[in-house]
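The values are calculated or read from the model by the stated rules, or taken from the named source; none is laboratory data. For clarity, every value in this text was computed on a predicted model and none was experimentally measured. Methodologically, a virtual Cβ is constructed for each residue, glycine included, from the backbone with ideal geometry; neighbour enumeration extends over all protein chains shown. Ligands, DNA and RNA are stripped out before the accessible areas are found, and what is left, the full protein with its side chains, is counted by its heavy atoms. Shrake-Rupley method; radii C 1.70, N 1.55, O 1.52, S 1.80 Å.
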Amino acid sequence: MEAAAATATATMVFVYGTLKRGFPNHPRLAASGSPFAGAACTTTPVSLVIGPYSVPFLVPAPTPSAGRLVSGELFSASPSALADLDMLEGTHLGVYERRRIAVVVDGTGREVEAEAYFANASYAEDLWRRCGGEAAEVGEYTVEHAGSYVPPSGRSPGVSGLMDAVRSFIAATPPES
């Protein structure tokens with residue numbers, strides 16, 4: 001009965017970057033006891049760009065021609081695991097925001113409603129443009145991207161260090177001509 005209650009309150013979470021198996025932040029997800037539910041891909045195009053510190057950011061496709069189907073993994077997170085992920089992703093600081101997204105589980109064709117961490121709307125489109133817009137979009141965060149990843153311990157203190165880096169990165173955008 002307890003397992004059924006826990007499953008009923010679990011949230012499917014689509015991860016596309018450092019939380020994937022074999023990537024730098026996956027041990028945090030694994031420690032939460034969130035079971036792997038399968039490899040998955042978004043059902044509609046979204047924009048995945050690599051920002052400061054080689055951190056991946058998912059952005060709603062800012063233009064009709066933007067975006068790609070993005071590959072990732074699906075996990076079933078308990079309410080406490082979700083709270084831990086929210087803390088890691090800096091939702092309380094405006095770094096990321098959790099949004100609903102439809103994904104297809106690889107090999108099954110089964111469509112699942114999940115939640116994913118998107119760049120906060122307050123800066124998402126500016127970040128997308130600064131990264132290079134459509135030309136900078138990727139369909140998958142790879143081991144090569146992760147090789148340049150700087151973990152929080154190597155950044156300015158606190159998650160706000162990432163937000164400061166994002167703001168500086170966006171501010172460095174050359175003026176449009």
### Query
Do we have Glu144 as closer than 21 Å to Arg99 by Cα, open to solvent by 50 Å² or more (accessible area, probe 1.4 Å) and out of contact with any Lys or Arg (no Cβ under 8 Å at 6 or more places or on another chain) here?
no
## Note on the structure
Counting only residues that are touching a residue at least 40 places away in the same chain (Cβ under 8 Å), in a strand (DSSP E or B) and surrounded by fewer than 22 Cβ atoms within 10 Å (Cβ to Cβ), region 22-42 contains a total of 4
#### Entry: Only listed residue being at pLDDT 95 or above, within 16 Å of Thr42 (Cα to Cα) and over 13 Å from the mean Cα position of the chain (by Cα), chosen from Val143, Val103
Val103
### Message
Take the residues in region 61-102 that are among the aliphatic types (A, V, I, L, M) and assigned to a loop (DSSP other than H, G, I, E, B); name whichever of them is most open to solvent (accessible area, probe 1.4 Å).
### Response
Leu69
### Task
Those residues that are open to solvent by 10 Å² or more (accessible area, probe 1.4 Å) and of a type in the set (Ser, Thr, Tyr), I need them from region 43-60; list them, please.
Thr43, Thr44, Tyr53, Ser54
### Message
What are the pairs with Cβ atoms under 7 angstrom where one residue, in region 63-79, is under 13 Å from Arg21 (Cβ atoms) and the other, located anywhere, is among the β-branched types (Val, Ile, Thr) and open to solvent by less than 40 Å² (accessible area, probe 1.4 Å)? Sequence gap at least six, or different chains.
### Response
Gly72/Val15; Glu73/Val15; Leu74/Val103; Leu74/Val105; Leu74/Val112; Phe75/Val13; Phe75/Val15
### Query
Scanning region 9-21 for residues that are of a type outside the set (Phe, Trp, Tyr) and part of a loop (DSSP other than H, G, I, E, B), which turns out most open to solvent (accessible area, probe 1.4 Å)?
Arg21
